[in-house]
Amino acid sequence: MPNSSAFLLLVISLLVTIGGIWIGQNVNLLPVDASSNAPIYDELFKVLFSIGAVLFLGMLAAVVYSLIRFQKNPEDLEDGLALEGNLSLEIFWTAVPAVVVLFVGIYSYDIYDRMGGMQPLQTNGHDHQAMHQEQRVWGGIGAGPVESDMSKIAAPLKIDVTAMQFAFLFHYPQGDIISGELHVPKGQPISMRMESKDVIHAFWVPEFRLKQDVIPGQPTILNFTPTKAGRYPIICAELCGPYHGGMRSTVVVEEADEYKEWFNKNTKEVISEL
Amino acid sequence: MTIAIPPANENSGKSLQPKGLFRYFSFSLDHKVIGLQYLVFGFLFYLIGGALAGAIRIELTSPMSDFMPRDIYNQVLTLHGTIMIFLWIVPVVNGAFGNYLIPFYVGARDMAFPRLNAVAFWMIPPSGLMLISSYFITGAAQSGWTAYPPLSISTPAAGQIIWILSVLLLGGSSIFGGINFIATILKLRRPGLKLMQLPMYCWAMLGTSILIVLSTPVLAGTLILLSFDIVAHTGFFNPELGGNVIVYQHLFWFYSHPAVYIMVLPAFGLVSEILPVHCRKPLFGYTTMVYSIMAIVVLGLVVWAHHMFTSGTPPWMRLFFTIATSFIAVPTGIKFFNWVATLWGGRISLNSAVLFSCGFIVNFVLGGITGVALAQVPFDVHVHDTYFVVAHFHYIVYGGSVFVIFSSIYHWYPKFTGRMLNENIGRLHFILTFIGFNLCFAPQHWLGLNGMPRRVAEYDPQFTFVNQLSSVGALLMAISTLPFLWNVIQSAYKGPIAGDNPWRALTPEWLTSSPPPVENWAGKAPLVTEPYGYGYKTSSSKTGSKPQEELAEEKQ
Ligand code: HEM
Ligand SMILES: [Cu+2]
Ligand SMILES: [Cu+2]
């Protein structure tokens, strides 16, 4: 009965579409959000997850349905339909993925822009032109617009990061602090200039949804604005030797006054404004 | 079916070749012998690579580094990746099935350059042995299969140099093979056989061989420069001597992204051969399939920097490679829709070959979806170099290529040996592999998203349970090879006799005895112009195939 199988197909496609979108919107696979970058990332993730879930469930359903519906018993020697192709169908399933991919591309460009990926690096706080005229500096994602008004006016806090086998060192030029832990005040835009002493490492904080390689001979920039107080792992994500798995540190996001306390305790310079 | 005859080449010298099992250990020039040499040798290395994977999964059952020393762990990891790519998947999907099938498909009695072919195969055992022995003699390379400098310059030199030499040899072998396939497909076609009448696997191998010939020399050059940096202390990639580490990454991925298509395009071709036979239907959309292969070849050459989104890449480059990479999904998608359309309305025998092919479709779709997500820069900056990427590429290379290799073994084993495999054991093998594979790799997506980087021997204790789940999956995969091995070994002696064409297939390798004679056909080579002509009903019967095109006269 062609009618009942058409009905079944309709039900399956509805289930696939609704189920896929539901999964994409409701299944959370990500850790907490702790930077201004992270909610933007999660928005992108939800969209990609929904599209992906619909596509995957759809293909899965099509394969399983065909295998059940069109299975034959071993004695049956008949052939199937002599269907060699169907031009309009083929154009259709070239066009649909092309449109989906185009949409994904444009949308993720927008996300990238909102994360600050397209901003020229000179505006990110470091005076790169003056500081490293001899070197090209890449990176710079994470300096997107920040929600809180306070931080909009605040100049980014500059931190120099040095990576080496198998540790990160954080240097605060303002107070001449060198620390093995990264302390940052909540809501304050941070701009880090990173360089490696030996091999390639990578700075990754999953709760910030940000990663940037730390490269010998070529400084890189990473910006972020922490939004949630807490302690989060800093993880080296690029194979850098036997102790690569142990190359970790912690970023401590603190309320402004706690940060100031830490800063004053560790600073070697006496800074009058503080 | 019209048959036209190129005369058997009497002067080929192959009558002097050894006979019996011994010929598989000889410098045989017979493309079928060479194909099976690739297959069996590749499978041995698959077992070795699998054992190494087992060691990795054992180490990762606990958050501490406690099963092996850390530097050994990195050696095991490097060997595992290198062996699986260069000694198992690339040689098997290209060398094994390519050598066995391509001469049949173009209607030739051998490859264009049989001696070069044998040389290409015999370059593999020494390089494989060299790679493995480095572990016992000097300590193997420990900078991963990507060998990024400056890590590869600063780790112990002996192991790294042996790794480079062995990859150079394997790359050379691959280039020789690629040249041979291009020449065979373009020049050795049987008179009367047009390009657009070739079985799809020929197109896949043509595309793959073009990628091999264009990109492998770049890898070779890069690794030679890297070896200079290591032994002669030159400074190409050594920042201390003014070198640039990012240039290495560009050069490496210029080969290694196409390399992923070198591993998967032939698999696409093989699936396109297997499905029509067991669905009793023509391959859906032959022409669009051909064009999408060629589109993948062209696009595949311009997407390499998507592996470098977090290294020193300027914003415009990030954008360009995001878009180029995303668009590969279009021709790839076409192929998957066409395969599902091939299933649709067929009369499907649900045997092991079909199960593994359909398993491939499902797994690869998931790997392709995560691939498109990874191509988006803002998505990738979180998950690059994490277990998410490990999950992505295992869905592609294992769920894709390895599933297709198994499907192909089930499909062509009767031709290779003249005997049938046991279907029930085959299905058991599929079920164990499919469950084990998904249990092993699906949870790794979550691990990566939540903070577990790749290539580590120790991890945060919160990830213990999921890692153990993954290790159970790996154990199932290991167990699944046992029924497979038992099946292929005992069926070679005790399996039911297959006959020439147990699947009632139309492609030319089935129009001869099983196993086929030297020179492939006892008499004339058949002209098959409709390799997928299933389902044409004739007046006398409900089943039948499209008549093969007639030759006006026999041209020679
Ligand atoms: C739809 C098509 C595909 C897309 C869009 C895609 C995209 C990507 C991207 C963007 C990455 C980089 C992820 C990262 O390191 O951050 C990646 C990694 C990888 N992909 Fe795919 N991919 C696709 C298909 C394939 C295929 C067909 C294969 C192999 C047969 C493959 C094998 C790999 C491997 C081995 C890696 C990891 C390399 C490494 O870092 O060691 N991918 N893929
Ligand atoms: Cu590191
Ligand atoms: Cu790639």
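Below is a table of values for the structure above.
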| quantity | calculated |
| --- | --- |
| HN-Hα J in Hz across segment B:134-146 - Karplus 6.51, -1.76, 1.60, θ = phi - 60°, x for Gly and Pro | 4, 4, 7, 8, 10, x, 6, 4, 9, 10, x, 6, 8 |
| Residues along segment B:322-339 losing 50 Å² or more of accessible surface when the other protein chains are present rather than the chain by itself (probe 1.4 Å) | B:PHE327, B:VAL330, B:PHE337 |
| Stretchable slack from A:LEU29 to A:ARG69, in nm (0.36 nm times residue separation minus alpha-carbon distance) | 10.9 nm |
| Delta accessible area of at least 40 Å² on complex formation, residues of segment B:134-166, 1.4 Å probe, chain isolated as reference | B:PRO150, B:LEU151 |
| Chain B: angle of helix B:157-187 to the longest principal axis, Cα-based, in degrees nearest 10 | 30 degrees |
| Peptide-level mean, for B:361-372, of C-beta atoms on other protein chains within 10 Å | 4 |
| Accessible area per residue, Å², the protein assembly as shown with all protein chains present, probe 1.4 Å | 37 Å² |
| Efficiency of FRET between B:ALA183 and B:LEU21 - r from beta-carbon atoms, R0 22 angstrom, step 0.05 | 0.15 |
| For segment B:9-165, with +1 on Lys and Arg beta carbons and -1 on Asp and Glu, the positive-most of B:ALA140, B:PRO63, B:THR82 along the dipole | B:THR82 |
| Karplus 3J(HN,Hα) series, Hz, for segment B:357-368 with 6.51 cos²θ - 1.76 cosθ + 1.60 (x for Gly, Pro) | 5, 6, x, 4, 4, 5, 4, 5, 4, 5, x, x |
| For segment A:38-53, residues shielded by at least 10 square angstrom of accessible area compared with the chain on its own, probe 1.4 Å | A:TYR41, A:LEU44, A:PHE45, A:LEU48, A:GLY52 |
| FRET E, pair A:LYS260, A:MET164, Förster distance 30 Å, beta-carbon r, rounded to 0.05 | 0.55 |
| Cα-based radius of gyration of segment B:33-555 once divided by 2.2 N^0.38 Å, which approximates compact folds | 0.97 |
| Residues in segment B:74-91 that a label on B:SER133 would reach, taking backbone N under 16 Å of a point 7 Å out along Cα→Cβ | none |
| Mean shadow area of segment B:344-459 over all directions, Cα convex hull, nm² | 9.2 nm² |
| A:LEU89-A:ILE106 pseudo-label distance in nm [points 7 Å out on the Cα-to-Cβ vector] | 3.0 nm |
| Mean projection area, nm², convex hull over Cα of the protein assembly as shown | 36.5 nm² |
| Per-residue mean of C-beta atoms belonging to partner chains within 10 Å, peptide A:95-102 | 5 |
| Loss of accessible area when B meets A, both sides summed, Å² nearest 100, probe 1.4 Å | 7500 Å² |
| Where a label projected 7 Å from the Cα of B:ILE224 along Cα→Cβ would reach, residues of segment B:158-187 with amide N under 19 Å | B:161-179 |
| FRET efficiency, 1/(1 + (r/R0)^6) with R0 30 Å, evaluated for A:MET118 and A:GLN174 via beta carbons | 0.60 |
| Theoretical ellipticity at 222 nm over the protein assembly as shown - DSSP helices of four or more residues, -39500 (n - 2.57) apiece, nearest 500 | -18000 deg cm²/dmol |
| Separation of alpha-carbon centers, segment B:301-376 and segment B:22-55, rounded to whole Å | 29 Å |
| Inter-part distance where segment A:150-222 and segment A:225-244 are each reduced to a Cα centre, Å | 11 Å |
| ³J(HN,Hα), Karplus 6.51/-1.76/1.60, whole Hz, each residue of segment B:374-381, x for Gly, Pro | 5, 6, 7, 3, x, 6, 5, 5 |
| Estimated distance in nm for a label pair at B:THR464 and A:SER5, the labels positioned 7 Å out from Cα along Cα-to-Cβ | 5.3 nm |
| Which listed pairs, of B:LYS494/B:LYS524; A:LYS186/A:LYS211; B:LYS32/B:LYS546, have C-alpha distances above 23 Å, in listed order | B:LYS494/B:LYS524; B:LYS32/B:LYS546 |
| Carbon and sulfur %, accessible surface of chain B computed with the full protein complex present, 1.4 Å | 71 percent |
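The values are calculated or read from the model by the stated rules, or taken from the named source; none is laboratory data. Owing to the predicted nature of the structure, the values given are computational and were not obtained by experimental measurement. Methodologically, a virtual Cβ is constructed for each residue, glycine included, from the backbone with ideal geometry; neighbour enumeration extends over all protein chains shown. In case anyone asks, the SASA skips ligands and DNA or RNA and just uses the protein heavy atoms, side chains included. Shrake-Rupley method; radii C 1.70, N 1.55, O 1.52, S 1.80 Å.
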